[in-house]
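*Asks:* Dropping the structure in here first, questions after.
The values are calculated or read from the model by the stated rules, or taken from the named source; none is laboratory data. What you are looking at is a predicted structure, and each value in this text was computed from that prediction instead of being measured. Positions of Cβ are generated from backbone atoms using ideal geometry, with glycine treated the same way; all protein chains shown enter the neighbour counts. Ligands, DNA and RNA are stripped out before the accessible areas are found, and what is left, the full protein with its side chains, is counted by its heavy atoms. Shrake-Rupley method; radii C 1.70, N 1.55, O 1.52, S 1.80 Å.
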Amino acid sequence: PDGGLFVPASLPSFREKEQYSLWSDMTFPELVYDVLRKFISPTEIDDANLKSICNKSFPADAFDEECYIPIKDVGSSLHIAELFHGPTFCFKDFGMRPVINLLSYFAQLRNRPITLLVSTTGDTGPAAVHAVNDASNPLLTILVHYPHGQISDFQRKQLTTLQSKYVKVASFEGGGDDMDWPIKETLLSSKKNGGKGSGGSVEGGRLFCGINSYNIGRPLFQMTLFIWIYLRMAEKLGVSPGDENSLIDMVLPTGAMGNLTGAYMAKQMGVPIGKLYCGVNINDITNRVINRGEFHQQKIEKTLSEALNVEVPYNFERILFYLTGGNQSLVKEWMETMDATRQLTLDEQWLKRLQQDFQSESITDDEMCHALKETYESSVEHYLCDPHTAVAVAAAKRLGCLYVDEISKRGKTHQEDESTTHPRRTAVIIATASPCKFEEAVTIALGKESWMKWKSNFFPSRAQQTMDMAEVEPYHYNWDHSRYTTLKEVQSVWTDKMKHIVTTNF
């Protein structure tokens, strides 16, 4: 209502150890259902339909690992939770699939067509189009956009090899964020007009909807990942689930802060999560705000960890909401300052409060490549990270995160210096994507020979099938600089083109 991002009306408390004992015995779809039941009223979706949505979102045959999120012990010290064993080899399958199935449910319930409008610079688009295709609902369609030449070959093929009557794909000339304004304006127009009449509607009362992590469903569902990871780590370490004196730290590659928000929501509800460590690349607004309180927008620089290239991580608004205890007016004031000046500076009080829960490090491409190569060469199994996970590995090492076997060999740890209440803490690194999606970056880090060796032994067969398929030419939004000199001018043209594709295909 005040123009900000949605958050749940309230967060349930998960502090009873009996709750964790029950969760420990559940399958992943059962856990998601049990947690989501606390947020979604039975008057909105009854038990049978919510269970069906959860089961349809996470069918065992769509995930390569029976436990959904395996936690690998790499070398002598790393615990890595792999979130990339779903249909499109990245963590976004976990948030995207249930959100898509919820939208499909409501489209059917209300007999109203919904078209999703998406701009992707990496994994959001593939996860969304495959989820929409799997939903197979004529009332739910998607138009996804990507910046021409700015995503990996594999990510592009995940979009352009999918032949589906529910999916259309378009590329555009310009920067990765340049389709954000046309999509945002269309969504706002659709909301104002209620999906009817002029502006945001098209024929048939169609509703447009966004699906990036500003959609509250994404961090909400991603929150369940961190409950599951906590439970599996507690099981691995022999910790009593729900024990407040046995916190587990988590290290996350951080871009738009969707996963970070999900993890922080879980922590706020009482899940025994310790510090949240952020690994960011040189586009380091997250690092600057955590270390100096400077949430200042700067121009994006190209990196090998492209999914982390974010000018303004919009989910920080949600983190501030929970950080301030739900002080809506203060957060609104902060966000209005940010919108007006592109800068928000937290005062000392709020910076210290932020640093109680978060730490961060900024990692260069060279440092990322070193961490990726070192992890690969030092582990007996030749464990290969994707570039984004390698950013988190490098950040974890620089921040001094310690691991369970290292703690037993060493004296006083940095955790003991911070808090004698929790003298021994284990950290788990969150791996957000498979290295199969990033041949160029991995080859730069390892060299061609090592990449080819890994590819011949470990490249997923489903991924190879995608690489071998013929591509369908996407729509293309060009930028005729002789006619349109400003970005806003060409964005208006792209908006009309976008709506035309929807009306003629869906």
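*Asks:* Give, in nm to one decimal, the length gained when the segment between TYR475 and ILE216 is fully stretched (0.36 nm per residue of separation minus the Cα-Cα distance). Mind showing how you got there, number by number?
*Replies:* On the way: separation 259, 0.36 × 259 = 93.24 nm, distance 2.92 nm.
Taking TYR475 through ILE216 to full extension adds about 90.3 nm, to one decimal.
*Asks:* Next question. How many angstrom lie between the Cα centre of the stretch 307-364 and the Cα centre of the stretch 126-179?
*Replies:* 30
*Asks:* Net charge within 10 Å of SER213 by Cβ-Cβ distance, Lys/Arg positive one each and Asp/Glu negative one each, not counting SER213 itself? List each step's numbers first, then the result.
*Replies:* On the way: positive: LYS92, ARG218, ARG318; negative: none.
Spelling it out: positives minus negatives among the neighbours equals +3.
*Asks:* Let me ask something additional. Taking a ≥ b ≥ c as the square roots of the Cα gyration tensor eigenvalues, with a/c under 1.5 meaning rounded and otherwise prolate when a/b beats b/c, else oblate, which class fits the stretch 223-345?
*Replies:* Working: a/c = 2.85, a/b = 1.57, b/c = 1.81.
Judged from the Cα gyration tensor, the stretch 223-345 comes out oblate (a/c at least 1.5, b/c at or above a/b).
*Asks:* Moving to a separate point now. Would you please put 98-106, 164-172 in order of how densely packed they are, using the mean number of other Cβ atoms within 10 angstrom per residue and starting with the highest?
*Replies:* Listed from highest to lowest mean packing, they are 98-106, 164-172.
*Asks:* As an exercise, take the mean of 1/r over every pair of distinct alpha carbons in the stretch 263-322, invert it, and state the Kirkwood radius in angstroms. If you can, show how the numbers build up before the last one.
*Replies:* On the way: mean 1/r = 0.0781 Å⁻¹.
Computed over Cα pairs of the stretch 263-322, the Kirkwood hydrodynamic radius comes out at 12.8 Å.
*Asks:* Given the protein chains as shown and a 1.4 Å probe, how many square angstrom of ARG206 are accessible, to the nearest 10?
*Replies:* Accessible surface of ARG206 is approximately 20 Å².
*Asks:* Given the rule -39500 (n - 2.57) for each run of at least 4 DSSP H residues, summed and divided by the residues of the chain, what is its mean residue ellipticity at 222 nm, to the nearest 500 deg cm²/dmol?
*Replies:* Values: 21 runs with 236 residues, N = 506.
Estimated from H runs of four or more residues: -14000 deg cm²/dmol.
*Asks:* Using only protein heavy atoms and a 1.4 Å probe, report how much of ILE53 is accessible, in Å² to the nearest 10.
*Replies:* My reading of the accessible area for ILE53 is about 10 Å².
*Asks:* When you take every Cα atom in the chain, what is the radius of gyration, and what is Dmax, the widest Cα pair distance, in Å?
*Replies:* For the chain, the Cα radius of gyration and maximum Cα-Cα distance read 22.2, 69 Å.
*Asks:* Shifting gears a bit: How high is the relative contact order of the chain, given as a whole-number percent (alpha carbon pairs under 8 Å, six or more residues apart)?
*Replies:* On the way: 876 pairs, mean separation 91.5, N = 506.
Dividing the mean separation by the residue count of the chain yields 18 percent.
*Asks:* Please compute the net charge surrounding GLN163, taking Lys and Arg as +1 and Asp and Glu as -1 over other residues with Cβ under 13 Å from its Cβ.
*Replies:* Details: positive: LYS157, LYS165, LYS168; negative: GLU471, GLU473.
Here the count lands on +1.
*Asks:* Further, regarding this structure: Modelled label-to-label distance, ASN245 and GLN355, 7 Å Cα→beta-carbon offset: nm?
*Replies:* 2.9
*Asks:* Next question, about the same structure. What is the sum of charges, Lys and Arg at +1 and Asp and Glu at -1, for the other residues whose Cβ falls under 14 Å from the Cβ of LEU354? Before the final figure, lay out each step's value.
*Replies:* Values: positive: LYS267, LYS275, ARG288, ARG292, ARG318, LYS352, ARG353; negative: GLU294, GLU317, ASP347, GLU348, ASP357.
Charge balance near LEU354 sits at +2.
*Asks:* Just the accessible area per residue of the chain, please: how many Å² with a 1.4 Å probe?
*Replies:* Numbers: 21220 Å² over 506 residues.
Value returned for the chain: 42 Å² of accessible area per residue.
*Asks:* Now a separate question. If I compute solvent accessible area with a 1.4 Å probe over the protein chains, what percent of it on the chain is carbon and sulfur? Please list the in-between numbers first.
*Replies:* Details: 10230 of 21220 Å².
Roughly 48 percent of what the probe reaches on the chain is carbon or sulfur.
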